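Structure record follows, encoded as structure tokens.
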């Protein structure tokens, strides 16, 4: 990179602190792609993880969304994000009124202690989220698993 | 791909039933190396779906962030007697499917 380009880039970063902040939390920009800029509110979603996992290769996870799951008011999708895995979007689940109950259980891989976020999209187009911290003693490492 | 899928055999109409799915699959992340240091290609089940007598009731896009031998537990409303059909596919294009009947009364 030339010195001139570097300085131009630096000036751009300084001029738009918002952009710099977005880069500070990479998950935020990834979630913004999902929501297309719509606000994500805390609540309705409950993300349950163990507080501590001995092994990140298989961590039980439960996501529940407070929703009546009727034709007019239901959960359309639930997205799971990790802020430390090499692939942040761990999974996306698509449900509908036929689900009857907005709850999903699965097992995830976590590369180290981190915060896991679940974002739910409701049928009215709003987004809700919950975040849970977890300590992982042995991470789902790249080669030792 | 072997899979174990559990649903109730019978249910009352309108009852919310639990579906539990366990598929045997390594969910290779694509970040591991083999004994001679070559990267092992990613091979995960990337799509899973559940249809209730032909109507999709649940779908999932999975990635390397899901543990090996993926486990999924979700719910659906017992509407009428019929079949729950499960299908999934991995990065190598290998497809799996399973079908379970359910008898709905009332």
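Rule-based calculations on the coordinates, nothing more; no lab input. Because the structure is predicted, anything quoted here is derived from the model rather than measured. Methodologically, a virtual Cβ is constructed for each residue, glycine included, from the backbone with ideal geometry; neighbour enumeration extends over all protein chains shown.
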Mean other chain Cβ within 10 Å across B:6-16 is 1
Here the Cα Rg-to-2.2 N^0.38 Å ratio for the protein assembly as shown is 1.13
Dividing the helical contributions, -39500 (n - 2.57) per DSSP H run of n ≥ 4, by the residues of the protein assembly as shown yields a 222 nm value, nearest 500 deg cm²/dmol, of -3500 deg cm²/dmol
Shape descriptor, chain B: equivalent ellipsoid semi-axes (Cα gyration tensor, sqrt 5λ, whole Å, largest first) stand at 33, 11, 10
Note on segment B:62-106: C-alpha Rg/Rh, Kirkwood Rh, two decimals, gives 1.08
Expressed as a whole number, the average count of other chain Cβ atoms within 10 Å around the Cβ atoms of B:74-80 is 5
Distance in Å, no decimals, from the C-alpha centre of segment B:42-71 to the one of segment A:75-127 is 13 Å
Mean per-residue count of partner chain Cβ within 10 Å for A:67-75 equals 0
In Å, the C-alpha Rg and Dmax of segment A:40-145 are 14.3, 47
Fraction of alpha-carbon pairs in segment A:64-119 farther than 14 Å apart, rounded to whole percent, equals 54 percent
